[in-house]
Amino acid sequence: MATVTEVQAILAARVPELLREHRIPGAAWAVLHDGQIVDGAAGLLSTGTGVEATPDSLFQIGSITKLWTSTLVLQLVDEGRVELDEPVRTYLPEFRIGDEAAAAVVTTRQLLNHTAGFEGDIFTDTGVGDDCLARFVDTLHDVPQLFAPGEQFSYNNAGYCVLGRLVEVVRGIPYDECLRRHLIGPLGLTHAATGPYEAILHRVAVGHLAPEPGADPRPAPVWALARSNAPAGAMLAMRPRDLLGFARMHLADGRAADGTQVLAPGTAARMRQREVGLPDLGLMGTSWGLGFERFDTPTGALVGHDGNTIGQAAFLRIVVEDGLAVTLLTNGGDAMSLYRDVFRLVLGELGSVGLPDLPRPPEHPEPVDARRFVGTYTSQVAELAVSQDEDGRIWIEQTPRGDIAELVGQPSRRELVHYRGDSLIPLEPEHGIHLPHAFVGDDGAGRARFLHVGRAVRRVDATTPAG
């Protein structure tokens with residue numbers, strides 16, 4: 001087994017080559033093992049300016065921010081100011097969604113573990129002022145309820161914006177200031193930015209998007225998503241070393257490097273514990289905690305989170321038993337393949353838990369009668385139409401919808417084959433991965449009620465009651 005210093009040398013030699021292989025403009029990484037952090041960077045922060053990436057460069061961490069938001073919430077729980085199983089309306093009386101009965105009972109715990117059940121991919125831009133979160137929560141009044149609160153997992157960005165607003169109201173200060181006062185400051189972080197006005201003081205990565213499949217990525221037209229989605233991952237940027245300063249606190253039972261108790265003893269472990277299981281999706285975790293994504297493997301659990309913004313992708317994994325945390329921050333290209341290469345190396349050299357294999361379509365897929373699956377499934381961000389042709393081949397057509405449709409991709413049509421159980425899988429990879437599509441529930445006519453791809457996407461060609 002290598003030392004963490006030896007791993008740093010291996011990564012410094014390998015990553016530049018991997019960036020070229022995976023068409024990634026730039027990346028930065030850090031590894032924490034037994035209290036020691038090493039880091040590095042390679043490539044460019046922007047192909048438009050030619051500025052080189054350094055270990056101190058800031059990249060957006062995307063939805064890894066949800067771990068910071070959940071930590072802010074658990075601090076309030078530690079202080080006795082929030083109860084996890086009380087309705088959110090105890091703290092946010094103005095909270096409304098399309099289903100009044102559901103709005104009255106949704107709890108803080110259900111928002112944290114993504115079981116609140118309402119439509120979650122809401123990216124409404126409500127401005128850049130300190131009131132943007134309050135205004136965003138006000139826009140949720142007609143968001144549909146997909147299933148009864150607590151019934152199942154469905155990844156929910158909007159739910160984390162509600163949590164961010166809860167933190168604002170209980171603390172009496174804006175969300176960004178909560179981050180600075182209660183996490184960034186106590187952890188002693190020096191290269192972390194809650195928005196562009198702080199980020200500009202550092203070397204900052206720009207996201208890159210490919211104009212068409214197979215093309216080299218180019219600088220994205222905008223730097224970040226709307227500030228109103230900051231608690232879900234729209235804004236927070238930092239260098240890898242600072243992200244691992246946050247991870248180290250979680251590994252140290254809530255203590256910062258200087259001994260400051262950021263979370264009460266036992267709270268960090270509580271956040272990592274299994275709260276809800278996921279369908280067999282292969283790529284996402286197998287279960288979720290209070291903010292933490294969990295990968296339950298035969299050799300132990302990996303915990304962490306991923307993040308994706310406009311042309312940037314971030315990855316964080318922690319192996320508690322090994323005192324090990326790894327992060328990789330990127331700004332375009334085939335980030336998933338780089339993640340696999342880097343994390344497989346680091347976990348193989350320093351950890352006792354390996355990286356789970358990615359799902360792949362079977363070599364000889366079984367023919368299936370797709371009548372249970374065929375239909376149209378719609379969310380705020382996409383329409384998914386599943387069909388089966390006369391030859392028995394199954395197809396899915398995906399059409400982006402909503403405010404960010406122009407940024408997230410073009411309509412696509414892919415062939416699906418049987419994976420296992422009630423899951424299908426694309427025959428060809430997208431962004432280097434084959435994402436299983438799980439069909440769950442029943443619409444009353446023997447057909448799936450939801451197409452689950454981490455989010456439960458509701459069938460719209462049949463009557464499907466929310467509860």
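The values are calculated or read from the model by the stated rules, or taken from the named source; none is laboratory data. The structure displayed is predicted, hence computed values, not measured ones. Methodologically, a virtual Cβ is constructed for each residue, glycine included, from the backbone with ideal geometry; neighbour enumeration extends over all protein chains shown. Just so you know, the surface numbers come from the protein's heavy atoms only, side chains and all, with ligands and any DNA or RNA stripped out. Shrake-Rupley method; radii C 1.70, N 1.55, O 1.52, S 1.80 Å.
Here are some notes:
- Listed candidates [x] 46, 25, 19; [y] 32, 28, 22; [z] 40, 30, 19 - label of the one calculated as semi-axes √(5λ) of the Cα gyration tensor in Å: [y]
- Set of the range 4-40 residues, backbone N closer than 20 Å to the point 7 Å along the Cα-Cβ line of R360: 22
- Computed over the range 27-105: relative contact order in percent, which uses C-alpha pairs under 8 Å that are six or more apart: 16 percent
- Accessible area (Å², per residue) of the chain, counting only protein heavy atoms and a probe of 1.4 Å: 39 Å²
- Rounded accessible area of Y175 (nearest 10 Å², 1.4 Å probe): 10 Å²
- Maximal additional length on extending the R414-E86 stretch stands at 113.7 nm, based on 0.36 nm per residue less the C-alpha distance.
- Sum of side-chain charges, P298 neighbourhood, beta-carbon under 15 Å (Lys, Arg +1; Asp, Glu -1): -2
- Rough spin-label spacing in nm, given labels placed 7 Å along Cα→Cβ, for D296 and A13: 4.0 nm
- Peptides 137-148, 228-239 ordered by average Cβ neighbours within 10 Å, highest first: 228-239, 137-148
- Helical content of the chain, expressed as a calculated mean residue ellipticity at 222 nm, amounts to -6500 deg cm²/dmol (DSSP H runs of 4 or more residues, -39,500 (n - 2.57) each, divided by residue number, nearest 500).
- Neighbours of R272, meaning other residues whose beta-carbon lies under 15 angstrom from its beta-carbon, give a summed charge of +1 when Lys and Arg score +1 and Asp and Glu score -1.
- Portion, in percent, of the accessible area of the range 109-254 that falls on carbon or sulfur, probe 1.4 Å: 52 percent
- Net +/- balance of residues flanking Y339 in space, Cβ distance below 15 Å, scoring K and R +1, D and E -1: -1
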